[in-house]
Amino acid sequence: MSLSRTCQEVLVRWSPPDQQQSALRDRYLDHLRSTSDGWSRSCAGQHLTASSLIISPDRDRVLLTLHARIKRWLQTGGHIEAADPDLGAAALREAREESGLADLVLGDLLLLSRHEVPCGPVRPCFHLDVQYLVTGDPDQPPVISDESADVRWFGLDELPELDQSVRDLISAATAAPAG
(Lines give C-alpha, C1' and ligand atoms only; values in the text may rest on other atoms or scores of the structure.)
Protein backbone atom coordinates (compact mmCIF):
# COMPACT_ATOMS: atom_id res chain seq x y z
CA MET A 1 0.00 0.00 0.00
CA SER A 2 1.30 3.48 -0.82
CA LEU A 3 2.31 5.95 1.85
CA SER A 4 -0.22 8.40 0.43
CA ARG A 5 -2.96 5.83 1.00
CA THR A 6 -1.86 5.04 4.58
CA CYS A 7 -1.78 8.78 5.37
CA GLN A 8 -5.33 9.09 4.04
CA GLU A 9 -6.50 6.10 6.08
CA VAL A 10 -5.07 7.54 9.31
CA LEU A 11 -6.80 10.86 8.70
CA VAL A 12 -10.13 9.26 7.73
CA ARG A 13 -10.15 7.12 10.91
CA TRP A 14 -9.27 10.07 13.18
CA SER A 15 -12.07 11.81 15.11
CA PRO A 16 -11.28 15.54 15.14
CA PRO A 17 -12.02 17.32 18.43
CA ASP A 18 -13.83 20.28 16.79
CA GLN A 19 -15.06 21.78 13.52
CA GLN A 20 -11.81 23.66 12.83
CA GLN A 21 -9.81 20.44 13.09
CA SER A 22 -12.39 18.65 10.94
CA ALA A 23 -11.99 21.31 8.23
CA LEU A 24 -8.20 20.94 8.38
CA ARG A 25 -8.53 17.18 8.04
CA ASP A 26 -10.69 17.65 4.94
CA ARG A 27 -8.09 20.02 3.51
CA TYR A 28 -5.30 17.48 4.15
CA LEU A 29 -7.35 14.70 2.55
CA ASP A 30 -8.10 16.83 -0.52
CA HIS A 31 -4.38 17.54 -0.86
CA LEU A 32 -3.46 13.85 -0.60
CA ARG A 33 -6.14 12.82 -3.08
CA SER A 34 -5.04 15.41 -5.63
CA THR A 35 -1.27 14.96 -5.28
CA SER A 36 0.34 11.51 -5.32
CA ASP A 37 3.38 12.76 -3.36
CA GLY A 38 1.48 15.06 -0.98
CA TRP A 39 3.22 13.44 1.99
CA SER A 40 6.71 14.13 0.58
CA ARG A 41 8.95 17.15 1.05
CA SER A 42 9.40 17.06 -2.74
CA CYS A 43 5.78 18.18 -3.09
CA ALA A 44 6.24 21.90 -3.69
CA GLY A 45 4.02 24.40 -1.93
CA GLN A 46 2.70 22.14 0.81
CA HIS A 47 3.26 18.66 2.17
CA LEU A 48 2.46 16.57 5.21
CA THR A 49 4.81 16.43 8.17
CA ALA A 50 4.61 14.39 11.36
CA SER A 51 5.35 15.68 14.84
CA SER A 52 4.81 14.68 18.43
CA LEU A 53 4.61 16.21 21.82
CA ILE A 54 6.70 14.07 24.15
CA ILE A 55 5.10 14.06 27.59
CA SER A 56 5.86 12.30 30.86
CA PRO A 57 3.56 9.41 31.88
CA ASP A 58 2.06 11.51 34.70
CA ARG A 59 1.44 14.38 32.24
CA ASP A 60 3.31 17.01 34.27
CA ARG A 61 6.41 17.46 32.05
CA VAL A 62 6.92 17.98 28.32
CA LEU A 63 10.04 17.72 26.20
CA LEU A 64 10.60 20.60 23.78
CA THR A 65 13.33 21.34 21.29
CA LEU A 66 14.75 24.79 20.54
CA HIS A 67 14.84 24.59 16.76
CA ALA A 68 18.25 25.79 15.55
CA ARG A 69 16.97 27.38 12.34
CA ILE A 70 13.61 28.74 13.49
CA LYS A 71 14.87 29.77 16.96
CA ARG A 72 11.65 28.78 18.75
CA TRP A 73 10.73 26.07 21.24
CA LEU A 74 8.71 23.41 19.43
CA GLN A 75 7.56 19.81 19.66
CA THR A 76 9.70 17.25 17.85
CA GLY A 77 8.85 16.50 14.26
CA GLY A 78 9.67 16.84 10.63
CA HIS A 79 9.40 15.44 7.15
CA ILE A 80 7.96 12.05 6.34
CA GLU A 81 10.43 9.67 4.70
CA ALA A 82 9.63 7.08 2.03
CA ALA A 83 10.74 4.32 4.44
CA ASP A 84 8.16 5.37 7.08
CA PRO A 85 5.22 2.92 6.99
CA ASP A 86 2.73 5.53 8.22
CA LEU A 87 2.30 8.90 9.92
CA GLY A 88 2.65 7.55 13.47
CA ALA A 89 5.91 5.80 12.60
CA ALA A 90 7.23 9.03 11.07
CA ALA A 91 6.29 11.02 14.20
CA LEU A 92 7.96 8.44 16.45
CA ARG A 93 11.12 8.33 14.30
CA GLU A 94 11.38 12.12 14.39
CA ALA A 95 10.80 12.13 18.17
CA ARG A 96 13.65 9.65 18.67
CA GLU A 97 16.00 11.47 16.30
CA GLU A 98 15.38 14.91 17.80
CA SER A 99 15.27 13.91 21.47
CA GLY A 100 17.90 11.19 21.60
CA LEU A 101 15.43 9.11 23.64
CA ALA A 102 14.97 5.49 22.56
CA ASP A 103 12.20 4.36 24.91
CA LEU A 104 9.27 6.36 23.59
CA VAL A 105 5.70 5.15 23.25
CA LEU A 106 3.47 6.41 20.45
CA GLY A 107 0.02 7.53 21.53
CA ASP A 108 -2.95 8.99 19.70
CA LEU A 109 -3.12 11.57 16.95
CA LEU A 110 -4.03 14.79 18.78
CA LEU A 111 -4.23 17.73 16.38
CA LEU A 112 -3.48 19.04 12.91
CA SER A 113 -1.60 22.28 12.28
CA ARG A 114 -1.11 24.03 8.94
CA HIS A 115 1.68 26.60 9.07
CA GLU A 116 3.96 28.45 6.68
CA VAL A 117 7.63 27.44 6.71
CA PRO A 118 10.83 28.35 4.86
CA CYS A 119 11.01 24.93 3.18
CA GLY A 120 11.88 24.09 -0.41
CA PRO A 121 12.15 26.26 -3.50
CA VAL A 122 8.49 27.42 -3.69
CA ARG A 123 7.16 30.24 -1.51
CA PRO A 124 4.91 30.24 0.26
CA CYS A 125 5.34 26.68 1.51
CA PHE A 126 3.13 25.08 4.14
CA HIS A 127 3.61 22.12 6.45
CA LEU A 128 0.43 20.14 6.94
CA ASP A 129 1.49 18.82 10.32
CA VAL A 130 -0.05 15.72 11.89
CA GLN A 131 0.61 15.91 15.63
CA TYR A 132 0.83 12.89 17.92
CA LEU A 133 1.14 12.24 21.62
CA VAL A 134 4.31 10.36 22.60
CA THR A 135 5.16 9.30 26.15
CA GLY A 136 8.71 9.30 27.46
CA ASP A 137 10.61 9.07 30.74
CA PRO A 138 11.67 12.53 32.01
CA ASP A 139 14.48 10.89 34.02
CA GLN A 140 16.18 10.05 30.73
CA PRO A 141 18.35 12.99 29.60
CA PRO A 142 17.67 14.15 26.05
CA VAL A 143 20.44 14.57 23.48
CA ILE A 144 20.69 17.66 21.29
CA SER A 145 20.47 16.80 17.58
CA ASP A 146 21.93 18.70 14.63
CA GLU A 147 18.56 20.39 14.11
CA SER A 148 18.35 21.76 17.66
CA ALA A 149 20.10 24.38 19.72
CA ASP A 150 18.69 22.83 22.92
CA VAL A 151 16.36 20.02 24.02
CA ARG A 152 14.93 19.79 27.51
CA TRP A 153 12.12 18.71 29.77
CA PHE A 154 9.86 21.44 31.16
CA GLY A 155 7.32 21.33 33.95
CA LEU A 156 3.93 22.61 32.84
CA ASP A 157 4.35 25.53 35.23
CA GLU A 158 7.77 26.50 33.82
CA LEU A 159 7.23 26.52 30.06
CA PRO A 160 9.31 28.90 27.91
CA GLU A 161 7.71 31.39 25.53
CA LEU A 162 5.74 29.30 23.02
CA ASP A 163 3.69 29.78 19.86
CA GLN A 164 -0.04 29.32 20.37
CA SER A 165 0.06 26.15 18.25
CA VAL A 166 2.49 24.53 20.72
CA ARG A 167 0.36 25.67 23.67
CA ASP A 168 -2.69 24.14 21.98
CA LEU A 169 -0.80 20.87 21.48
CA ILE A 170 0.26 20.81 25.14
CA SER A 171 -3.35 21.41 26.21
CA ALA A 172 -4.56 18.58 23.98
CA ALA A 173 -1.85 16.25 25.31
CA THR A 174 -2.55 16.96 28.96
CA ALA A 175 -6.28 16.49 28.40
CA ALA A 176 -5.86 13.16 26.58
CA PRO A 177 -6.54 10.04 28.63
CA ALA A 178 -3.38 8.46 30.04
CA GLY A 179 -2.62 5.24 28.24
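The values are calculated or read from the model by the stated rules, or taken from the named source; none is laboratory data. These figures come from a predicted structure and were not determined experimentally. A quick note on method: Cβ atoms are made from the backbone with ideal geometry, for glycine too, and the neighbour counts reach across all protein chains shown.
For ILE55, the conditions (1) crowded, with 18+ Cβ neighbours inside 10 Å; (2) free of Cβ contacts under 8 Å to residues at least 12 places away in the same chain are fulfilled apart from (2). Of LEU11, LEU29, LEU64, all but one fail to be part of a helix (DSSP H, G or I) and either crowded, with 17+ Cβ neighbours inside 10 Å or among the β-branched types (Val, Ile, Thr) (or both); the exception is LEU11.
Pairs meeting the criteria (first residue in the range 15-29 and polar (S, T, N, Q), second residue modelled with pLDDT of 95 or more, beta carbons under 6 Å, at least 6 apart or on different chains) are GLN21/LEU112; SER22/PRO16.
Count of the range 48-71 residues, restricted to those that are more than 13 Å from the chain's Cα centre (by Cα) and over 13 Å from ARG152 (Cα atoms), is 8.
Residues in the range 145-179 that are more than 20 Å from ASP129 (Cβ to Cβ) and out of contact with any strand residue (DSSP E or B) (no Cβ under 9 Å at 6 or more places or on another chain): ASP146, ASP157, GLU158.
Among residues of the range 68-79 that are over 15 Å from ALA95 (Cβ atoms) and assigned to a loop (DSSP other than H, G, I, E, B), those with a Cβ under 7 angstrom from a residue that is among the hydroxyl-bearing types (Ser, Thr, Tyr) and modelled with pLDDT under 95, sequence gap 6+ or separate chain, pair up as ALA68/SER148.
Does GLY38 satisfy the criteria of being buried (at least 19 other Cβ atoms within 10 Å of the Cβ), within 17 Å of the chain's Cα centre (by Cα) and over 30 Å from GLU158 (Cα atoms)? Lay out the reasoning, then the answer.
Numbers: buried (at least 19 other Cβ atoms within 10 Å of the Cβ): yes; within 17 Å of the chain's Cα centre (by Cα): yes; over 30 Å from GLU158 (Cα atoms): yes.
Considered against the rule, which asks whether it is buried (at least 19 other Cβ atoms within 10 Å of the Cβ), within 17 Å of the chain's Cα centre (by Cα) and over 30 Å from GLU158 (Cα atoms), GLY38 comes out as yes.
Remark: pairs (first residue in the range 123-151, in a strand (DSSP E or B); second residue acidic (Asp, Glu); Cβ separation under 6 Å; 6+ apart in sequence or on different chains) = PHE126/GLU116; LEU133/ASP108. What pairs can you find where one residue is in the range 91-113 and surrounded by 19 or more Cβ atoms within 10 Å (Cβ to Cβ), the other is among the acidic types (Asp, Glu), and their Cβ atoms are less than 6 Å apart, with a gap of 6+ or different chains? What qualifies is SER113/ASP129.
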